[in-house]
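Heads up: the structure comes next, in structure tokens.
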Amino acid sequence: MSDKKEIVIKDACILFDLVDLKLLEVFFQLEVIAFTTPQVIGEIVDEEQQEEITKFINNRKLQIDNEGDLTVIANINGENPGLSIPDSSVLELALRKKAIIYSSDGGIRKISERKNLIVRGVLWIIEELYRKDFLDKQTAIEKLNLYESINQRAPLKEIKILISKISK
């Protein structure tokens, strides 16, 4: 059995952020087995992002799980009115695989934590890439500063804290 951790990339936003930060390829150097759902992939409409993400689907670094139980997905969606069908499909997948969810969505984070699932975001990814020497200090700080400008919902306070931590 592999010691790689199974993860589920929740939303297209995480993928978009990693593409826009030019970190998607580096991200896949982490020891993870990455899954997402067809519903999440269906949210990708930008041609460049689709092209970049498709490379990782084709080389099996990002796997599309087609085994989701539509009844369970519908039940999750019904119990959580704020969730989209792609959100619900990811929760179903994470629960079924007992996997970590990667998401920048506060709503999915709260629901996931209630279901005892681990949730991580872009800041955790950048810190982990830095900690494992996939990014040097300067690059990590540059990516954190860039994250502020590419994602209007980026957690500014947490970014500043992480920049301070890495700068030491």
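The values are calculated or read from the model by the stated rules, or taken from the named source; none is laboratory data. These numbers were taken from a predicted model, which means no experiment stands behind them. Neighbour counts run over all protein chains shown; Cβ positions are idealised from the backbone, glycine included. We work out accessible area using only protein heavy atoms, side chains counted, and drop any ligands, DNA or RNA first. Shrake-Rupley method; radii C 1.70, N 1.55, O 1.52, S 1.80 Å.
Figures for the structure shown
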quantity: Coil-residue trypsin sites (Lys or Arg not before Pro) of region 121-162, DSSP, other Cβ within 10 Å capped at 16; calculated: Lys132, Arg153
quantity: Residue-level accessible surface for Tyr147, protein heavy atoms, 1.4 Å, Å²; calculated: 10 Å²
quantity: Probe 1.4 Å - accessible area at Asp46, Å² to nearest ten; calculated: 70 Å²
quantity: Distance between modelled label sites at Asn75 and Ile150, nm, 7 Å Cα→Cβ extension; calculated: 3.8 nm
quantity: For the chain: rounded, prolate or oblate by the Cα gyration tensor [a/c cutoff 1.5]; calculated: prolate
quantity: Share of carbon and sulfur in the accessible heavy-atom surface of region 54-166 [1.4 Å probe, %]; calculated: 49 percent
quantity: Long-range amide H partners of Phe35 with built H, under 5 Å; calculated: Ile7, Val8, Ile9, Gln63
quantity: In degrees, nearest ten, helix 47-58 long axis to first principal axis of the chain (Cα); calculated: 80 degrees
quantity: Intensity falloff of region 90-151 expressed as log10 I(q)/I(0), Debye formula with alpha-carbon point scatterers, at q = 0.14 Å⁻¹; calculated: -0.49
quantity: 1.4 Å probe accessible area per residue over region 32-168, in Å²; calculated: 57 Å²
